[in-house]
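Some notes on the structure that comes next.
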Amino acid sequence: MKLPNQTRSIAFRLIVAVLAVELVSSVAAIFLSLGYERHIHFQAFEIMLRGHADSLLVAVQDSEDPEASIKLDPDQVHVPPDDVWEVYDQSSRLLGRSPNWDGVPPADRDGPEDDMFRMSIHGRHFRIYRLHAARVVDATEPGGGKLRPVTILYGGPTERVWHAIRSAVEFYALGSLLLLIVTGPLIAWLLHRGLLPLRQLAALAGEVSVDSWHFSPPASARATPELAPLTQALESVLQRLEQSFLAQRAFVSDAAHELKTAVAVAKSSLQLLNMKSRSPKEYQAGLERCLADSQRLEALVADMLALARAETVWAGPQPTADLAACIRQTVAQLETVASLREVQVAVARPESIASGKVPIAPEDCTVLVCNLLLNALQHSPSASIVEVRLTMELSAAILTIQDHGEGIPSEALPHVFDRFYRGDPSRTRRTGGTGLGLAIAKAIAQKAGGSITIASQPDPALPCQGTTVTVRLPIVP
């Protein structure tokens with residue numbers, strides 16, 4: 001059975017929980033009060049029985065009958081009519097008994113002194129008090145009088161005690177019920193007011209959309225200790241989402257621009273060939289231009305796919321790659337490019353580089369090193385050196401690639417990892433790149449839990465100062 005939405009709300013569950021605690025506490029208090037009242041009332045009841053038994057001891061008088069030493073004076077017996085009693089002398093002779101009782105068996109009569117026991121008389125429950133005492137008769141005579149031992153059994157019905165106990169417990173139960181009735185609506189009202197900052201926070205968060213990222217949490221939510229972390233988390237998440245959304249929108253816009261430009265160039269080459277009859281050599285040259293344009297378009301699409309793959313979270317087990325082996329393979333692959341540009345690639349102690357596993361797929365590791373090394377080769381002058389160093393720390397592998405080219409202007413340095421950024425305002429393709437190489441490298445490093453930084457301080461007096469790229473990647477245990 002599906003419960004209504006109210007039963008799943010925090011306020012409803014808190015109200016039910018508080019009322020349940022109150023109910024359990026009330027039941028526990030009733031049982032405790034029952035035990036307490038029972039103890040108090042029966043203690044007072046037993047004290048009353050002892051007092052009435054002592055009053056019977058006063059009614060024991062000296063007997064004028066020579067065969068009986070003592071007697072019981074009925075005029076001095078003043079006890080409630082529902083109580084039962086009987087008095088025996090030392091020889092177990094009955095001195096007196098209440099008319100509503102047949103007495104107790106001799107075994108109970110001769111029990112221990114000052115003892116309480118229960119007994120049923122005519123279907124009613126009684127508590128009987130047994131008293132073994134001595135009555136001083138004729139205390140004015142020489143010698144202090146005569147000591148006459150007697151046994152008194154005095155009992156009273158317990159139903160009036162239980163009636164008093166039930167009345168007290170009913171009072172406690174009624175008070176608890178009234179407390180539940182009063183506190184239920186009060187708790188609901190207090191919770192409703194207490195959750196007002198949460199409702200205000202939810203209402204303002206619900207107004208955030210792709211067209212309006214403005215989110216100003218209420219002051220009541222910030223001032224509430226329980227809601228302050230949630231408020232800060234919402235602000236942080238929405239800021240990151242806004243940045244990601246704007247970056248994605250910018251990426252789509254830049255990608256559309258790049259693709260449109262590449263398609264327009266290829267289209268213009270075909271239109272130029274189709275404008276008039278051409279010689280076979282002219283057609284061949286035109287087709288070669290179209291092929292080059294298609295290759296640039298293919299490279300752009302490939303880089304966009306690589307960037308999308310680099311930003312995709314792994315769904316299965318995390319793959320690993322040997323960073324040192326990847327560096328050696330990439331240097332070998334780009335050896336031809338380095339020779340054509342007359343640039344030397346120097347790997348610091350290539351044979352002694354320690355093997356370290358990093359949390360990157362092998363193909364992504366190759367893309368990362370290849371993009372950085374190719375970027376360094378493209379910006380290095382002839383007869384220069386590109387230095388590649390790999391150092392291992394306790395929990396991280398550090399890859400450093402340093403060239404001695406023209407460097408990066410300080411105003412362009414913060415944007416080198418932006419997508420489609422080339423530093424050249426005219427967006428020329430002199431180097432043949434798509435402007436995605438460093439963005440892909442950064443995405444791969446961040447996906448692995450690492451970081452990538454670029455340091456470059458070009459100085460006109462030092463034209464070959466160059467650029468240093470540092471990649472820090474965690475080592476897989």
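Quick note: the coordinates plus some simple rules give every number you see, no bench work behind them. Computed from a predicted structure; not experimentally measured. FYI the Cβ positions are ideal-geometry reconstructions off the backbone, even for glycines, and counts take in every protein chain you see.
Count neighbours as other Cβ atoms within 10 Å of each site's Cβ, and list the chymotrypsin sites (Phe, Trp or Tyr not before Pro) in region 161-249 that are DSSP loop with at most 16 such neighbours. Before the final figure, lay out the partial values.
Numbers: sites: W162, F171, Y172, W189, W213, F215, F245; in loops: W213, F215.
Listed in order of number, the matching sites are W213.
Under the definition of Cα pairs under 8 Å and six or more residues apart, what whole-number percent is the relative contact order of the chain? Numbers along the way, then the final one.
Numbers: 607 pairs, mean separation 46.1, N = 477.
Normalised by residue count, the contact order of the chain is 10 percent.
Sort 364-370, 396-402 by packing, meaning the average of other beta carbons within 10 Å per residue, with the highest value first.
Numbers: 364-370: 23.6, 396-402: 19.3.
Per-residue mean Cβ counts within 10 Å order the peptides as 364-370, 396-402.
Once the piece of chain linking A228 and S91 is laid out straight, how much longer is it, given 0.36 nm per residue of separation minus the C-alpha distance between them?
Working: separation 137, 0.36 × 137 = 49.32 nm, distance 8.81 nm.
Fully extending the segment from A228 to S91 adds 40.5 nm.
Based on alpha-carbon atoms only, what is the radius of gyration of region 12-166 relative to the globular estimate 2.2 N^0.38 Å?
Numbers: Rg = 22.1 Å, N = 155, 2.2 N^0.38 = 15.0 Å.
My calculation over the Cα atoms of region 12-166 gives 1.48.
Report, as a whole number in µm² per second, the diffusion coefficient that Stokes-Einstein gives for region 142-262 at 4 °C and 1.567 mPa s using the Kirkwood radius over alpha carbon pairs. Working shown, then result.
Details: Rh = 22.4 Å.
For the chosen part, D equals 58 µm²/s.
Based on the alpha carbon coordinates of region 228-308, what radius of gyration and maximum Cα-Cα distance (Dmax) apply, in Å?
Rg then Dmax for region 228-308, in Å: 21.4, 76.
Around G156, with a cut-off of 12 angstrom between Cβ atoms, what is the net charge of the other residues, counting Lys and Arg +1 and Asp and Glu -1? Before the final figure, lay out the partial values.
Working: positive: R50, R118, R124, R127, R160; negative: E46, D82, D83, E159.
Around G156, the charge tally is +1.
What residue among W189, V210, S253 has its Cα farthest toward the positive end of the dipole of the chain, where the charges are +1 on Lys, Arg and -1 on Asp, Glu, each on the Cβ?
In the chain, that residue is S253.
Under unit Cβ charges (Lys, Arg +1; Asp, Glu -1), what dipole magnitude, rounded to 20 debye, does region 12-166 have relative to its Cα centre? Provide the component values of the computation, followed by the final result.
Details: 16 positive and 23 negative charges, 182 e Å.
For region 12-166, the charge dipole is close to 880 debye.
So, with +1 on the Cβ of K and R and -1 on the Cβ of D and E, and no other charges, what is the size of the charge dipole of the chain about its Cα centre, to the nearest 20 debye? Spell out each step's value before the answer.
Numbers: 44 positive and 51 negative charges, 653 e Å.
Using only the charged Cβ atoms, the result is roughly 3140 debye.
When you count, for each residue, the other Cβ atoms within 10 Å and take the mean per peptide, how do 93-105, 48-60, 441-453 rank with the highest first? Could the numbers behind the result be given before it?
Details: 93-105: 14.2, 48-60: 17.6, 441-453: 19.7.
Ranking the peptides 93-105, 48-60, 441-453 by packing returns 441-453, 48-60, 93-105.
Once Lys and Arg get +1 and Asp and Glu get -1 on their Cβ, which of V60, Y421, A133 lies farthest toward the positive end of the dipole of the chain?
Result: Y421, furthest along the dipole toward the positive end.
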